[in-house]
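Computed from the coordinates by the stated procedures, all read-outs in this text should not be read as laboratory data. Everything numeric in this text was worked out from a predicted model, so none of it was measured. Every residue, glycine as well, gets a Cβ built from its backbone with ideal geometry; the counts of neighbours run over all protein chains shown.
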Amino acid sequence: MQKTRLRGVRIGVVLTGSHCTTAEVLPQIKNLKEEGADIYPVFSYTVNEVDNRFYKVNDLKNEIKEITDRPLINSIVGAEPIGPQRLLDIVVVMPATGNTIAKLANGIVDTPALMAVKGQLRNQRPVVIALSTNDALGINAKNIGMLINMKNIFFVPFRQDSPLEKVNSLVACMDKVVDTIVYALQGKQIQPVLLGPI
């Protein structure tokens, strides 16, 4: 039986430049669609412009357009109406890079991704963060701590992905994105947030 927990829910899906995690994110976008969500895709400048060893930009854009059936939001001007027009019920940033997290924690809005989050928080509506950063337990730990304690921000449960080789790295458990969103829409943080090793 098909799940439809998110039927009619308008979700902004924000992709930032943790390119290696994008392959794990795409199935979750499909899952959101299957749950009935109306998806508004938002690309950071890096995702919108930079070919890399994990994907070609045009291929990614075409796949996202096919899943969501909506035009990409890939400029600050394009993302700006999210706030005043109250376009979205919830925003999920997946993957969320350390750069995006640091800027968000310090009130910097210089990409479409950050403008989408700012507009959502302005309306006191939920934002979900799915971490993917090599400096989460290093210089970015303080920023993650700030966001965890911020009203209307919720985290997809995360773990150290390679504790012996990349000691400061954390990655969200992407298969928990849908459940995290369902909880966040009720104003609740899914638990546990901190997961043990695989």
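Taking the average, over residues, of other Cβ atoms within 10 Å as the packing measure, peptides 186-194, 99-107, 162-170 rank 99-107, 162-170, 186-194 from highest down.
Once R0 is set to 45 Å, what does the formula 1/(1 + (r/R0)^6) return for the Cβ-Cβ distance between ILE139 and LEU26, expressed as a FRET efficiency to the nearest 0.05? Once rounded, the FRET efficiency stands at 0.95. Distance from the alpha carbon centroid of the range 62-137 to that of the range 151-169 works out to 19 angstrom. On the beta carbon distance between LYS56 and GLU165, with R0 = 30 Å, the FRET formula returns roughly 0.60.
Considering all different alpha carbon pairs of the range 74-127, the Kirkwood hydrodynamic radius works out to 11.0 Å.
Peptides 116-124, 4-12, ordered by how many other C-beta atoms sit within 10 Å of their residues on average, highest first, read 116-124, 4-12. Of all lysines in the structure, the ones whose alpha carbon falls short of 26 Å from that of LYS65, not counting any fewer than 8 places away in one chain, are LYS3, LYS30, LYS33, LYS56, LYS118, LYS176. Share of pairwise Cα-Cα distances greater than 21 Å in the range 1-135 is 35 percent (whole percent). Taking every alpha-carbon pair under 8 Å whose residues sit at least 6 apart, the range 48-198 reaches a relative contact order of 20 percent.
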